[in-house]
Amino acid sequence: MSNATVMIVDDALFMRNILRAILKDKGYTVVAEAASGIETMKKLHDCNPDIIFLDIILPDANGIELLGSISKIKPQAKVILCSAIGQEATVKKGLDLGARYYVQKPFSPEKIAEALESLGG
């Protein structure tokens, strides 16, 4: 699945840069990046990512609520939740709502590989 397309949603540019570098190194194509909920929804209409890395805490949105909207627009996209805060209840809710995996920040190439492998790729 290394030719899969990815969208990165994170308000921190340095986090998007780290994740983009790891994904590129693994052969994935990053088709879009967004720093907010509004930007995510706008960009989702223009691209068709196979995988979405979704930060739980965004400046204008709750990643868990955003997950519901993403699922309606792109039901085939596999969502991997990301957060520095290990809020178990929030993470569980996200997984119950259809997210496929959770990766805690800071990212390591190993954690990202594990998340991608969990998707069956």
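The values are calculated or read from the model by the stated rules, or taken from the named source; none is laboratory data. Being a predicted model, the structure only gives us computed values, none of them experimental. Methodologically, a virtual Cβ is constructed for each residue, glycine included, from the backbone with ideal geometry; neighbour enumeration extends over all protein chains shown. Accessible surface is based on the protein model in full, side chains and every heavy atom, while ligands, DNA and RNA are left aside. Shrake-Rupley method; radii C 1.70, N 1.55, O 1.52, S 1.80 Å.
Each row is one residue, and each column tells you yes or no for (1) modelled with pLDDT of 95 or more; (2) hydroxyl-bearing (Ser, Thr, Tyr); (3) in contact with a strand residue (DSSP E or B) (Cβ under 8 Å, 6 or more places away or on another chain).
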residue: LEU54; (1), (2), (3): yes, no, yes
residue: LEU58; (1), (2), (3): no, no, yes
residue: LYS72; (1), (2), (3): no, no, no
residue: CYS82; (1), (2), (3): no, no, yes
residue: ALA89; (1), (2), (3): no, no, no
residue: LYS92; (1), (2), (3): no, no, no
residue: VAL103; (1), (2), (3): no, no, yes
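Scanning region 83-116 for residues that are closer than 25 Å to ASP46 by Cα, open to solvent by 10 Å² or more (accessible area, probe 1.4 Å) and touching a Gly at 6+ places or on another chain (Cβ under 8 Å) yields a single hit, LEU97. Within this structure, PRO59 passes the test of being outside any strand (DSSP E or B), open to solvent by 60 Å² or more (accessible area, probe 1.4 Å), within 16 Å of VAL9 (Cα to Cα) and not β-branched (Val, Ile, Thr). Screening LEU19, LEU54 for residues that are out of contact with any Leu (no Cβ under 9 Å at 6 or more places or on another chain) and either free of Cβ contacts under 8 Å to residues at least 24 places away in the same chain or outside any loop (DSSP other than H, G, I, E, B) (or both) leaves exactly one candidate, LEU19.
Inspection of region 5-20 finds a residue satisfying the criterion of being surrounded by fewer than 16 Cβ atoms within 10 Å (Cβ to Cβ) and small (Gly, Ala, Ser). Might you let me know whether region 25-38 holds any residue that is surrounded by 15 or more Cβ atoms within 10 Å (Cβ to Cβ), touching a strand residue (DSSP E or B) at 6+ places or on another chain (Cβ under 7 Å), more than 21 Å from ASN3 (Cα to Cα) and of a type outside the set (Gly, Ala, Ser)? The answer is no; no qualifying residue exists.
Every condition in (1) exposed (fewer than 14 other Cβ atoms within 10 Å of the Cβ); (2) in contact with a Lys or Arg (Cβ under 7 Å, 6 or more places away or on another chain) holds for ILE80 except the one numbered (1).
Is it the case that LEU95 is outside any loop (DSSP other than H, G, I, E, B), without any contact (Cβ under 8 Å) to a residue 60 or more places away in the chain and not charged (D, E, K, R)? Answer is yes for this residue.
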